[in-house]
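Written below as structure tokens is the structure these notes are about.
The values are calculated or read from the model by the stated rules, or taken from the named source; none is laboratory data. What you see is a predicted model; the values in this text were computed from it and never measured. For neighbour counting, all protein chains shown are included, and Cβ atoms are generated from backbone atoms with ideal geometry for every residue, glycine included.
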Amino acid sequence: MTTLFVKGLTVVDFSYLHATRGLVGESWRLDISLTGDLDQQGMVLDFSDVKRQVKQLVDLEFDHKLIIPVKSSAVTLTQHQQRCSVLFEYGDRAGIEHHSPASALCLLQAGSVTTETVAAAITDSLLKEMPSNVSRLDIKLSPEHLEGPFYHYSHGLKHHAGNCQRIAHGHRSKLEILRDGVRDPQIEKSWAAKWRDIYIGSREDLVSEENEQHLYRYQASQGKFELKLPATCCYLIDSDSTVENLAQHIADSLKQSHPGSSFEVYAYEGIGKGAIGKS
């Protein structure tokens, strides 16, 4: 038996429902190892096949989705044809409602969403696609190790042509802010705290603010999306919540509160990518 491994094969960006935190945006790096007999090429599996098959499956079933722990007693799921509705009660909050095409959800057969439960689900799906010489497959999911401030956010981009249009997908993102050319840890911590477990909504998508809840709704190319959640978990901006706009929003907000300084904001969208805003 021989083991083949690929570190950092892909990144899974998604949101999920947590028993106390509510709607949480997350980004996990995926490592994989495959154990088995060598094939006629002298390989367990060709590296290009590993990358293609794993990324294809992860993108289709897990990435840029809202992951629902369907075995949680807090979840009520209703399915009708190609649409799903989810009600999630958590803590002492008013709860979360999500209505969307079924393709926007990952229905995880577990009571909670963890690196272990999601890795097990990916492993089960992948094993069905592996050639007969592969006898074992191990998936490891892990958040990026970050020494500085970071935040978890969820959002949806209705104008996006791809899966970013889904109203509740998210990221775990670090933040770097330079004030007059020098990193300012206190400002970084302040913004990271402000956007901890936040839903960043576009003002034009907000259709109701009743009973201390925000209701967002829009039509996108994949279908109609709707999300209701506590107002305390939301942050409104006047544009679409692209990472470019988020970086510039922070920079402009800082300039307004500190007019005598210049700012350069590095806002990340998950792992290793992002945008720079300047003011």
Fill in the blank from the handout: Within region 71-94, residues being at pLDDT 95 or above and of a type in the set (Phe, Trp, Tyr) number 1
Problem - Matching residues, region 37-70, being on the phi > 0 side of the Ramachandran plot and modelled with pLDDT under 90 - result: Gly42
Problem - Checking Leu57 against (1) part of a strand (DSSP E or B); (2) in contact with a Leu (Cβ under 7 Å, 6 or more places away or on another chain); (3) surrounded by fewer than 21 Cβ atoms within 10 Å (Cβ to Cβ), the condition it does not meet - result: (1)
Problem - Hits in region 20-54 (condition: in a loop (DSSP other than H, G, I, E, B) and either among the polar types (S, T, N, Q) or farther than 28 Å from Thr232 by Cβ (or both)) - result: Thr20, Asp37, Leu38, Asp39, Gln40, Gln41, Gly42, Met43, Val44, Leu45, Asp46
Practice task
Kindly provide the set of residues from region 12-44 that are surrounded by fewer than 19 Cβ atoms within 10 Å (Cβ to Cβ), hydrophobic (A, V, I, L, M, F, W, C) and more than 30 Å from Glu89 (Cβ to Cβ), ordered by number.
Solution key: Leu38, Met43
Practice task
Would you mind finding the one in Lys128, Lys140 that is farther than 17 Å from Leu45 by Cα and among the basic types (Lys, Arg)?
Solution key: Lys140
Fill in the blank from the handout: Okay, strands (runs of 3 or more DSSP E) sitting entirely in region 188-259 with 3 or more residues that are modelled with pLDDT of 95 or more and under 14 Å from His99 (Cβ atoms), I get 213-220, 223-230
Practice task
Go through (1) out of contact with any helix residue (DSSP H, G or I) (no Cβ under 8 Å at 6 or more places or on another chain); (2) free of Cβ contacts under 8 Å to residues at least 24 places away in the same chain; (3) of a type outside the set (A, V, I, L, M); (4) farther than 26 Å from Ala161 by Cβ and name the single condition Lys194 misses.
Solution key: (2)
Practice task
Just give me the residues in region 121-160 being among the aliphatic types (A, V, I, L, M) and modelled with pLDDT of 95 or more, in sequence order.
Solution key: Ala121, Ile122, Ile139, Leu141, Leu157
Exercise for the section: Please work out which one of (1) crowded, with 21+ Cβ neighbours inside 10 Å; (2) closer than 17 Å to Ala275 by Cα is the condition Arg166 fails and give its number. Expected result: (2)
Exercise for the section: Scan region 220-243 for residues that are farther than 12 Å from Cys164 by Cα, surrounded by 16 or more Cβ atoms within 10 Å (Cβ to Cβ) and charged (D, E, K, R) and jot them down. Expected result: Glu226, Lys228
Handout entry: Within region 159-187, considering residues that are in contact with a Leu (Cβ under 6 Å, 6 or more places away or on another chain) and not in a helix (DSSP H, G or I), the one nearest to Ala220 (Cα to Cα)
Key = Ile167
Fill in the blank from the handout: Taking region 98-153 and keeping only residues that are in contact (Cβ under 8 Å) with a residue 60 or more places away in the chain, under 17 Å from Leu4 (Cα atoms) and assigned to a helix (DSSP H, G or I), one is left with Leu126
Practice task
Tell me, yes or no, whether region 149-172 has at least one residue that is more than 18 Å from Asp59 (Cα to Cα) and polar (S, T, N, Q).
Solution key: no
